[in-house]
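Structure, as structure tokens:
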Amino acid sequence: MTDSDVRCVTVEREISHPPEKIWRALTTRHLIEEWLMKNDFGLDLGHRFQLRGDWGHVDCEILDVDPGRSLSYTWNHAHDDPAYRLDSKVIFTLEPTAAGTLLRMEQVGFRPDQKQAFGGAKGGWKIHLENLEKVVATLD
């Protein structure tokens with residue numbers, strides 16, 4: 001498989017709050033649980049953590065941290081069936097705007113044969129980021 005075969009889900013959302021608030025929601029365990037999933041998140045480079053749902057879990061590892069600006073981690077879902085195994089990377093970038101912050105989420109690493117996972121991520125991330133915005137709105 002070449003890089004041109006890899007598919008990416010990208011969701012951008014303008015949020016009317018400063019990057020600092022969004023960063024808190026992206027990097028604080030109890031807040032992550034409110035908008036995404038249960039977790040044992042840690043912000044240290046190389047920290048391994050899991051995101052857990054009723055359907056199972058995703059194994060993650062912190063790859064890059066630029067406080068208040070960007071965060072990336074692996075997003076790997078092991079499965080007995082190779083068609084459902086997912087080895088990907090999630091990247092969040094925050095850019096200050098006049099109205100607040102432009103949040104961009106990219107999930108890179110979908111193979112062409114992973115249409116169901118790709119479609120699920122496209123819809124799922126939109127909902128998760130809507131939930132993140134609701135969480136951010138409750139922060140002081």
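The values are calculated or read from the model by the stated rules, or taken from the named source; none is laboratory data. All values derive from a computational prediction rather than experimental measurement. Using ideal geometry, Cβ is built from the backbone for each residue, glycine included, and neighbour counts are taken over all protein chains shown.
The table for this structure:
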read-out	value
Enumeration of residues in region 6-26 that are assigned to a loop (DSSP other than H, G, I, E, B) and closer than 18 Å to PHE110 by Cβ	VAL6
Filter pass, GLU61 being in contact with a Lys or Arg (Cβ under 7 Å, 6 or more places away or on another chain), surrounded by fewer than 16 Cβ atoms within 10 Å (Cβ to Cβ), of a type in the set (D, E, K, R) and more than 25 Å from LYS134 (Cα to Cα)	yes
Test set (1) within 22 Å of GLU12 (Cβ to Cβ); (2) touching a residue at least 60 places away in the same chain (Cβ under 8 Å); (3) surrounded by 14 or more Cβ atoms within 10 Å (Cβ to Cβ) - ALA137 fails condition number	(3)
Residue satisfying condition, being of a type outside the set (D, E, K, R) and modelled with pLDDT of 95 or more, within set VAL65, VAL6	VAL65
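Table: residues versus (1) in contact (Cβ under 8 Å) with a residue 24 or more places away in the chain; (2) surrounded by 14 or more Cβ atoms within 10 Å (Cβ to Cβ).
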{"site": "ARG48", "(1), (2)": "no, no"}
{"site": "TRP55", "(1), (2)": "no, no"}
{"site": "PRO67", "(1), (2)": "yes, no"}
{"site": "ASP81", "(1), (2)": "no, no"}
{"site": "ARG85", "(1), (2)": "no, yes"}
{"site": "GLU106", "(1), (2)": "yes, yes"}
{"site": "GLY109", "(1), (2)": "yes, yes"}
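Residue-wise test of (1) over 26 Å from THR138 (Cα atoms); (2) of a type outside the set (Lys, Arg).
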| residue | (1), (2) |
| --- | --- |
| ARG7 | yes, no |
| GLU12 | no, yes |
| SER16 | no, yes |
| TRP23 | no, yes |
| ASP66 | no, yes |
| ASP80 | yes, yes |
